[in-house]
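Here is the structure we will look at.
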Amino acid sequence: QELRAVSCKAGMTWAEAGLSGVIFCNSVPEVHLMLSRLIDLGAESYSRCFYAGMSPDLKSQAMAGLISGKVRILVSTSALEAGIDVPQLDCVLIAGMPQSLMALRQRIGRAGRGRPGLCILLPKLGGVSDQVMLGLDSDDKSSELVSLDYLLRSGPCEQVCFDPSLPSVLGLHMLCAA
């Protein structure tokens with residue numbers, strides 16, 4: 001609940017400053033809890049959710065609101081990690097570590113497309129998966145930033161798979177691998 005409270009406060013702060021962004025959650029139930037908290041705090045008029053299981057109409061409405069500036073806070077799952085370019089996003093808040101480094105990088109990359117952006121990572125330091133992803137000893141919280149920097153800049157590469165029979169994708173993957 002503390003993570004939710006801090007995340008909502010950050011989102012409302014950027015919205016009140018005229019900025020827009022995404023709060024990434026790791027599950028649909030957490031998306032609903034986060035959105036409910038935002039509504040309880042008075043952000044109903046400028047907050048929406050976005051996840052894979054939503055109807056296409058609701059997804060379109062949420063994205064149209066974000067693009068028009070009426071929606072300032074979009075609470076999402078991994079559904080917005082890749083494949084959707086929203087150049088007006090100023091901020092990204094990651095509420096809890098995702099399950100892979102690729103997902104973390106994708107979430108970070110949603111903000112500031114072509115201009116400066118802000119990314120806030122709020123790991124659940126009591127959560128086992130967040131500690132494993134950050135490489136933290138449960139008793140030593142001082143290594144948090146060093147571990148995250150290591151993971152993002154020089155950490156191990158994750159396995160990638162793709163269909164080499166798709167020439168339009170193969171060339172891009174080869175460039176990335178080089």
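The values are calculated or read from the model by the stated rules, or taken from the named source; none is laboratory data. Keep in mind that this is a model prediction, so the values were computed, not measured. Every residue, glycine among them, receives a Cβ derived from its backbone with ideal geometry; neighbour counts consider all protein chains shown. Ligands, DNA and RNA are stripped out before the accessible areas are found, and what is left, the full protein with its side chains, is counted by its heavy atoms. Shrake-Rupley method; radii C 1.70, N 1.55, O 1.52, S 1.80 Å.
Tell me, what is the FRET efficiency for Ile39 and Asp85 to the nearest 0.05, using R0 = 35 angstrom and their Cβ-Cβ distance as r?
It comes out at approximately 0.80.
Sort 80-89, 5-14 by the packing proxy (mean of other Cβ within 10 Å over each peptide's residues), most packed first.
Packing order, densest peptide first, comes out as 5-14, 80-89.
At 1.4 Å probe radius, can you tell me the per residue accessible area of the stretch 1-41 in Å²?
The answer is 49 Å² per residue.
About the Cα centre of the stretch 1-99, what is the dipole size in debye to 20, counting +1 per Lys and Arg Cβ and -1 per Asp and Glu Cβ, all else neutral?
Here the stretch 1-99 has a charge dipole of around 100 debye.
Could you please tell me the mean projected area of the C-alpha convex hull for the stretch 16-136, averaged over all directions and given in square nanometres to one decimal?
Taking the Cα atoms of the stretch 16-136, their convex hull projects to 7.6 nm² on average.
Output wanted: per-residue J couplings in Hz (rounded whole) for the stretch 67-77, from phi through Karplus 6.51 cos²θ - 1.76 cosθ + 1.60, θ = phi - 60°, x for Gly and Pro.
My calculation for the stretch 67-77 gives 5, 7, x, 6, 9, 9, 10, 10, 9, 9, 8 Hz in order.
Amide H to amide H, which residues 5 or more places from Ile23 or on other chains are under 5 Å from it, using H placed in the peptide plane?
Leu74, Val75, Ser76, Leu93
Please list log₁₀ I(q)/I(0) at q = 0.12, 0.13, 0.17, 0.24 Å⁻¹ for the stretch 1-56, using the Debye equation with identical point scatterers on the alpha-carbon positions.
Taking Cα atoms of the stretch 1-56 as identical point scatterers yields -0.25, -0.30, -0.51, -0.99.
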